[in-house]
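The values are calculated or read from the model by the stated rules, or taken from the named source; none is laboratory data. Just so it is clear, the structure is predicted and the values come from calculations on it, not from any experiment. Glycine also receives a Cβ, built like all others from the backbone with ideal geometry; neighbour counts cover every protein chain displayed. Areas reflect the complete protein model, heavy atoms only, side chains present, ligands, DNA and RNA absent. Shrake-Rupley method; radii C 1.70, N 1.55, O 1.52, S 1.80 Å.
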Amino acid sequence: MKRISLVVSLLISTLMHAQRPVDLVAYRKQSGTDVVSRNNQLTVRWPGGANQQAKLVIDLRPDAPLFSSMQLTRQGRFQEIARAIYPAFVVTLGKRDLISQNGWNIFFDKTNKLPHSSYAVTLNKRKASVRTEGTRTIIRVGDVQAATFGGALEITVYQGSPLFNVAAVMATEADSTAYLYDAGMVSKDGNGRPPVWETIAWADTTNRMQSVPADISQLNRAQGVKYRTIIGSNTAGSLAVFPAPHQYFYPLDEAYNLDFTWYGRNYRSLIPDFGLGIRQDLMGDNRWVPWVNAPPKTQQRMNFFCLLSTDVAAPTLEAVKRFTHNDKYPTLAGYKTMSSHFHNEFVMKVLLANKPVPETPTFVKVLKNTGIDIVHLAEFHYTAHPKGPDDQRLLELKTLHDMCQRWSDTNFLLLPGEEPNEFFGGHWLSFFPKPVYWIMARQPEMPFVTDDPRYGKVYRIADKADMLHLLEAENGLAWTAHARTKGSTGFPDAYKDEAFYKSDHFFGAAWKNIPADLSKPRLSARVLDLMDDMANWGFKKHVIAEADLFSIEPANEMYAHLNVNYLQLDKLPDYKAGWQPVLDVMQQGKFFVSTGEVLLPAFTVNGKGAGETTRLPKDGKATIAMTIDWTFPLTFAEVISGDGQQVFRERIDLTKTLPFGKQTFRFTPTLKGRKWVRVEVWDAAVNGAFTQQVWLEE
């Protein structure tokens, strides 16, 4: 019996330490990148930029930490930045409401208030493979499992930077699943020895560097940071851990900093060892908290990024910040940045509440510091008197107009706007090219417009016909806010045949990342699909980026929840003279939308720019020229066109790009029979930009 037990033990030991098979069929050796599989170790070396080489040593033994070593060269010699660490993931599963509103596009869901459970993701290293995609090398190790989710772990390294991504790529068969995930890197030295890091560091929400000793006895704690990054450092260098800048954050209409990083041991009582990483707050802002969609069988990429550095924490963070231009929208020649849909309510909460008024309000400072040139507000959102009494409504508008004039200057325009939610259906925004006084109610005996001795023209609106008449009279624009979700569920579809929608004064719709779905390589397909539908309906409508945020404070995680429109303007108009040029550029479609990391300074189709019309040759051939400026390596561009009925997509692979580039690309699609075309570009962190349509004739 003892002999049998010994044989069984030896057999188990042999199997445990047997060489794990590594599939290299899809791997293509590239200049400077090398993959070696030997004795259950997979070594990946790649060019890290700036004459550096980066190296990951992956341990495929069952009980060993996945990363036996992370290295980066300093003056030609490899330095071990970290050893014996492993990626850890915690998945929290809840239930999505797919019935009461609009299915997977739901926003008004309180998943956090319903039963939910959290699970550590387990890794079984039973197989591994390596494949090449452009300049990327992807190592896939399987299997990973968490409750109903199953899949594999993917590690992606990017030539040209000591950057890599770690992802638990998993799917579930369960319907109506909503989830969140936390993740990070965990030290596995054992025997009570301290973790591989000597200090844990971050920039606090006031942008000051902070650090603490990496104390193995430190119980896990959530940490509020700026730039979404936490860093472990030792004498050899630093490892920075951070999420995708925009994709990671599920949609809220507040941008509170909810302590999006963590460090310490026994994270959530599921990860026993000492680690550091990223996290989501399950309760959000305790209002509508929709979490992330996981439709059955979709491959959800629960991922985070790591950056290796041979430097201390502060310069390492500077290297991370480059990927988001320091969380600031960069200046682009010939363009001005515009962001829309802010419910800051400074008029009602401060000015008309007789509270102290600072020389410059905090919200103005925050938006200026983010690189936004033009801010379009959405004031009086259920806080004021849109239907009167007249004296209150007109005073509120006058205070709004005066506020905007006071804090506008030659480099910054603060522009009045409202989210009226009257007359048309659903939620929509108004935008006039100068101060306009209007009241959202009119009795039958009252005229449409009167002349007030203090305010001048005052319009009174009774219905959608009046509202269209006002837009025409004052050359204003309106558009659907958060189309097809929230308070605009079913819109603009429900009024696309109405006269006001067909008017040139109904601009189109607004784009924001709602809902979150980590299986998609683009953000907010909800509105991008609507953009194509509107074009196929036969109207020259456009899509503008919107923030849809309330409080704007320095400590907020603003950048993750923002997006911007780059308008083709050489200079800002003077507030006192009106801002008609801003509305003209919007109405003409002469702008592109960006999360900030991907910029499109030039775009033409057969020589014509966005918003213009070009005539196709008989064979339908088109030449699309596009200059792209990017930080994270690009993934793909997509040429999207329509014939009035169908939508056509042609994907162009851009995975050969390196980080931090600028290049003009030319695509030559055949667009015979098409009526419009536009382009999107997306990067490795699912940041992106998209153009407005070029209209086609034959």
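Assorted remarks:
- When each of the peptides 527-536, 678-687 is scored by how many other beta carbons lie within 10 Å of its residues on average, the order from highest to lowest is 678-687, 527-536.
- When each of the peptides 29-38, 488-497 is scored by the mean number of other C-beta atoms lying within 10 Å of its residues, the order from highest to lowest reads 488-497, 29-38.
- Proximal charge balance of ASN40 [Cβ under 14 Å; K/R count +1, D/E count -1]: +4
- Euclidean distance of C-alpha centroids, segment 294-313 and segment 49-93, integer Å: 14 Å
- Separation of segment 122-169 from segment 376-451 is 52 Å, based on Cα centroids.
- Set of aspartates and glutamates with alpha-carbon distance to LYS336 below 15 Å, sequence-local pairs under 8 removed: ASP373, ASP409, ASP570, ASP574, ASP584
- Among residues other than ASP390 with Cβ under 14 Å from its Cβ, the summed charge is +3 (Lys and Arg +1, Asp and Glu -1).
- For the residue pairs LYS55/LYS110; LYS110/LYS355; LYS365/LYS398; LYS297/LYS464; LYS457/LYS675, alpha carbon separations beyond 32 Å are given by LYS55/LYS110; LYS110/LYS355; LYS297/LYS464; LYS457/LYS675.
- Backbone geometry of segment 636-650 corresponds, through the Karplus equation with coefficients 6.51, -1.76 and 1.60 at θ = phi - 60°, to 3J(HN,Hα) couplings of 7, 10, 10, 8, 10, 9, x, 10, x, 10, 10, 10, 10, 10, 10 Hz, x marking Gly and Pro.
- Phi-derived couplings, Karplus 6.51 cos²θ - 1.76 cosθ + 1.60 at θ = phi - 60°, listed residue by residue for segment 407-415: 9, 8, 8, 5, 10, 8, 10, 9, 10 Hz, with x used for Gly and Pro.
- Distance from the Cα centroid of segment 662-696 to that of segment 481-552 is 19 Å (rounded to whole angstrom).
- Ligands, DNA and RNA left out, the 1.4 Å accessible surface of segment 95-193 is 49% carbon and sulfur atoms.
- Taking the charge dipole of the chain about its Cα centre, with +1 at Lys and Arg Cβ atoms and -1 at Asp and Glu Cβ atoms, the residue from SER641, LEU471, PHE431 reaching farthest to the positive side is SER641.
- Backbone amide hydrogens, once placed in the peptide plane, bring LYS457 within less than 5 Å of ASP452, excluding anything fewer than 5 places away on its chain.
- Loop-located trypsin sites (Lys or Arg not before Pro) across segment 183-237 with a Cβ neighbour count of 12 or fewer within 10 Å are ARG208, with loop assigned by DSSP.
- Of the peptides 300-306, 411-417, the order by per-residue mean of other Cβ atoms within 10 Å, starting with the highest, comes out as 300-306, 411-417.
- Carbon and sulfur %, accessible surface of segment 313-419 computed with the full protein complex present, 1.4 Å: 49 percent
- For the chain: accessible area per residue (Å², 1.4 Å): 38 Å²
- Sequence-distant aspartates and glutamates (8 or more away, or on other chains) whose Cα lies within less than 13 Å of LYS621: GLU697, GLU698
- As a fraction of the 1.4 Å probe accessible area of segment 530-649, surface on carbon and sulfur atoms comes out at 47 percent.
- Which labelled figure in [x] 25.7, 80; [y] 27.2, 107; [z] 29.2, 96 is Rg and Dmax of the Cα atoms in Å, once derived from the coordinates: [y]
- Estimated [θ] at 222 nm from DSSP helical runs (n ≥ 4, -39500 (n - 2.57)) normalised by residues in the chain, nearest 500: -3500 deg cm²/dmol
- Positive contributions from Lys and Arg (+1) and negative ones from Asp and Glu (-1), summed over other residues with Cβ under 13 Å from the Cβ of ALA499, come out at -3.
- Added length on full extension, which subtracts the Cα-Cα distance from 0.36 nm per residue, THR383 to MET209: 58.8 nm
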